[in-house]
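Enquirer: After the structure tokens below, expect a handful of questions from me.
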Amino acid sequence: MKRIMLFAAVAGLLACTPQPKDEITASGLKRSDFQAEVDGKKTDLYRLANASGMEVCVTNYGGRVVSVLAPGKGGAMYDVVLGFDSIADYLKHPSNYGATIGRYANRIAKGRFAIDNDTIQLELNDHGNTLHGGLRGWADRVFDAVQPDSSTLVLTYVSPDGESCFPGTVQAQVTYKLTDDNALDISYTATTDQKTIINLTNHSYFNLSGDPSTKITDHTLWIAADSITPIDSLAIPIGDPIAVKGSPFDFTSPKPVGQALDSTDCVQIRNGIGYDHNWVLNTGGDITKPAARLISPTTGIVLEVFTTEPGLQVYSGNYQDGTHVGKKGITYPYRGAICLESQHAPDSPNHPSWPSVLLNPGQPYQSRCIYQFSVAD
């Protein structure tokens, strides 16, 4: 009886004591919805904030950028990336929304390449080719996370030798830094104990209107590139870069994304079902030179991309089919976002004359991409 009375008293005390509320981010994400267990490792949601009021939320499941809350006209804040409200949704709807892509972003023809005299055969997961690291790339792995301060997150992942058939144990680190001038600065480093290949990127889907139920065809795009890597109907490179001048791929002057997006008389548009190509950048790996600029006429939000990488993969949401219900119950439509992925060209291991993706022991891999947000005048 005493135990029952004591339990009742404790229960009554707890009922009268204010309980901590579930943490909800400025973008409306509930942290507890991201606290789960995948492959025996815990997942969570990490919030980055700066002095300007901007917010970026990242989960260590796949190193994914879940939300980016950026200012637009009049100071209003808009979430400008696609994603889901919970880990359960990410698991239920396999996708690359906001993910860290590795070991090799983009496609490798027939999943095959050579290192020295050895031919490596990877897992095939895309029409007889390898895409984004195979059947389970890094987008589906749980990273270890450390948040040293309110604007920085450091994720680490050890990819064992033979994972998805890639050689060598790779130790990788991805650092996200939200600066006070509203830039999301992403740095990648990695080392290996055997010769291998590596090509890392972030796969965020941007819609700068802040309304992901709408298309991005009205966004204005500029790219610092005079050529693209041509592809076949399976998005595999078929030769050296070709000039963009006079084609639907010419963004050397700003123009709406949708202006020539459905040019059926263009073979490359037909092959990519729109834009799904590598633009060969003129920036020479100089992180201070803008590689691309995207602007929403609705919100006035400007996104500039800076990178050390030689290429920018532009993807115009060609395979979005209206089946994904994302954050806040919004259905994502066809061409509801655009991806601007800094990386080496697809199938680079099979093109020795292109910038190399080979990583040797004792030679650290380094890559950096800055997504700089501002508001148009």
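The values are calculated or read from the model by the stated rules, or taken from the named source; none is laboratory data. Quick caveat: nothing in here was measured; it's all calculated off a predicted structure. Here Cβ is always computed from backbone atoms with ideal geometry, including for glycine, and neighbour counts include all displayed protein chains. Ligands, DNA and RNA are excluded from the accessible area calculation, which covers all protein heavy atoms including side chains. Shrake-Rupley method; radii C 1.70, N 1.55, O 1.52, S 1.80 Å.
Enquirer: Just the residues that are among the charged types (D, E, K, R) and under 14 Å from the mean Cα position of the chain (by Cα), please, taken from region 328-353.
Expert: Across region 328-353, the qualifying residue is only 341.
Enquirer: Next question. Tell me, please, whether a residue that is assigned to a loop (DSSP other than H, G, I, E, B) and open to solvent by less than 10 Å² (accessible area, probe 1.4 Å) can be found in region 303-315.
Expert: yes
Enquirer: Moving to a separate point now. Please verify whether residue 325 is open to solvent by 50 Å² or more (accessible area, probe 1.4 Å) and under 19 Å from the mean Cα position of the chain (by Cα), treating the condition exactly as stated.
Expert: In short, yes.
Enquirer: Just to be sure I understand the filter: pairs with C-beta atoms under 7 Å, separated by 6 or more residues or on different chains, first member in region 348-377 and under 16 Å from residue 104 (Cβ atoms) and in contact (Cβ under 8 Å) with a residue 40 or more places away in the chain, second member polar (S, T, N, Q) and open to solvent by 30 Å² or more (accessible area, probe 1.4 Å). Which pairs pass?
Expert: The qualifying pairs are 365/189; 367/308.
Enquirer: Further, regarding this structure: So residue 236 fits all but one of (1) among the aliphatic types (A, V, I, L, M); (2) open to solvent by 10 Å² or more (accessible area, probe 1.4 Å); (3) under 30 Å from residue 77 (Cα atoms); what number is the exception?
Expert: It is condition (3) that residue 236 fails.
Enquirer: Quick check: anything in region 259-280 in contact (Cβ under 8 Å) with a residue 40 or more places away in the chain, out of contact with any Cys (no Cβ under 8 Å at 6 or more places or on another chain) and of a type in the set (Asp, Glu)?
Expert: Checked region 259-280: at least one residue is in contact (Cβ under 8 Å) with a residue 40 or more places away in the chain, out of contact with any Cys (no Cβ under 8 Å at 6 or more places or on another chain) and of a type in the set (Asp, Glu).
Residue-wise test of (1) of a type in the set (Ser, Thr, Tyr); (2) without any contact (Cβ under 8 Å) to a residue 24 or more places away in the chain; (3) out of contact with any Gly (no Cβ under 7 Å at 6 or more places or on another chain).
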residue: 94; (1), (2), (3): no, no, yes
residue: 108; (1), (2), (3): no, no, yes
residue: 123; (1), (2), (3): no, no, no
residue: 128; (1), (2), (3): no, no, yes
residue: 131; (1), (2), (3): no, no, yes
residue: 134; (1), (2), (3): no, no, yes
residue: 137; (1), (2), (3): no, no, no
residue: 152; (1), (2), (3): yes, no, yes
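Enquirer: Condition first: among the hydroxyl-bearing types (Ser, Thr, Tyr) and either surrounded by 14 or more Cβ atoms within 10 Å (Cβ to Cβ) or farther than 20 Å from residue 287 by Cβ (or both). Now tell me which residues in region 335-377 satisfy that.
Expert: Scanning region 335-377 gives 342, 348, 353, 365, 367, 371, 374.
Enquirer: Another question about this same structure. Taking the conditions exactly as written (open to solvent by 20 Å² or more (accessible area, probe 1.4 Å) and at pLDDT 95 or above), does residue 295 satisfy them or not?
Expert: Spelling it out, residue 295 is indeed open to solvent by 20 Å² or more (accessible area, probe 1.4 Å) and at pLDDT 95 or above.
Enquirer: What are the residues in region 223-256 that are modelled with pLDDT under 95 and closer than 13 Å to residue 282 by Cα, if any?
Expert: none
Enquirer: If residue 278 passes every condition in (1) crowded, with 18+ Cβ neighbours inside 10 Å; (2) within 24 Å of the chain's Cα centre (by Cα); (3) assigned to a loop (DSSP other than H, G, I, E, B) but one, which one does it miss?
Expert: Condition not satisfied by residue 278: (3).
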